[in-house]
1. Looking at Arg144, Arg120, which one is surrounded by 13 or more Cβ atoms within 10 Å (Cβ to Cβ) and more than 25 Å from Lys54 (Cα to Cα)?
2. Can you tell me which residues in segment 105-141 are touching a Phe, Trp or Tyr at 6+ places or on another chain (Cβ under 8 Å) and not in a helix (DSSP H, G or I)?
3. With the requirement that a residue be under 14 Å from Ile93 (Cβ atoms) and either more than 11 Å from the chain's Cα centre (by Cα) or of a type in the set (A, V, I, L, M) (or both), what does segment 49-60 give you?
4. List, please: which pairs have Cβ atoms under 6 Å, are six or more places apart or on different chains, and start with a residue in segment 105-122 that is in contact (Cβ under 8 Å) with a residue 24 or more places away in the chain and end with one that is outside any helix (DSSP H, G or I) and surrounded by 19 or more Cβ atoms within 10 Å (Cβ to Cβ)?
5. Any residue at all in segment 46-57 that's touching a strand residue (DSSP E or B) at 6+ places or on another chain (Cβ under 7 Å), closer than 26 Å to Gly11 by Cβ and among the basic types (Lys, Arg)?
Amino acid sequence: MTPADFIAAVGPAARASAARTRVPASFALAEAALESGWGASQLALQARNLFGVKADPSWRGDVLLMPTREFLKGQWQMQPARWRKYPDWQGCIDDHAAFLLANPRYKPAFSCRGGEAFARAVAAAGYATDPQYADKLIAVMRGRQLSIFDRPEAP
């Protein structure tokens with residue numbers, strides 16, 4: 001899937017979710033692109049899982065069994081893993097937004113205007129261990145002009 005195809009496929013779900021949750025569509029699209037390799041990851045292809053979310057015991061939906069690489073006892077090992085499987089992009093984007101909404105540490109992000117500020121606030125709250133995570137998301141947002149999805153009149 002090309003980046004343009006990915007944006008066309010996932011963009012409507014990100015916009016619909018943003019209208020309900022206030023998670024900027026540009027942020028959701030950039031993170032989904034970054035985490036899934038523009039929809040090319042096996043999780044995205046087989047489970048519509050754009051964010052690499054594992055299925056913990058609280059998950060009541062479908063599951064995809066697929067190995068993952070984990071650092072255990074001082075070395076990298078392949079381990080079986082249960083991943084959340086979604087029926088469509090909307091289910092995945094909505095679940096991701098619900099995670100952000102349910103975690104108090106991300107509350108400050110919801111007072112931000114726009115995807116770039118939201119990305120910085122989420123990163124500052126400890127969302128990712130990569131110190132460049134917000135910058136990477138913002139580069140995707142700017143490079144693909146994703147802020148258009150944050151406007152009501154967006155395509």
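What follows is calculated from the coordinates using simple rules that are stated; it is not laboratory data. Note that the coordinates shown come from a computational prediction; the quantities given were computed from them, not determined experimentally. Here Cβ is always computed from backbone atoms with ideal geometry, including for glycine, and neighbour counts include all displayed protein chains.
1. Testing whether each residue is surrounded by 13 or more Cβ atoms within 10 Å (Cβ to Cβ) and more than 25 Å from Lys54 (Cα to Cα) leaves just Arg144.
2. Cys112, Ala125, Tyr127 - these are the residues of segment 105-141 that are touching a Phe, Trp or Tyr at 6+ places or on another chain (Cβ under 8 Å) and not in a helix (DSSP H, G or I).
3. Leu50, Val53 - these are the residues of segment 49-60 that are under 14 Å from Ile93 (Cβ atoms) and either more than 11 Å from the chain's Cα centre (by Cα) or of a type in the set (A, V, I, L, M) (or both).
4. If the second residue must be outside any helix (DSSP H, G or I) and surrounded by 19 or more Cβ atoms within 10 Å (Cβ to Cβ), the pairs left are Gly115/Pro24; Phe118/Pro24.
5. Yes.
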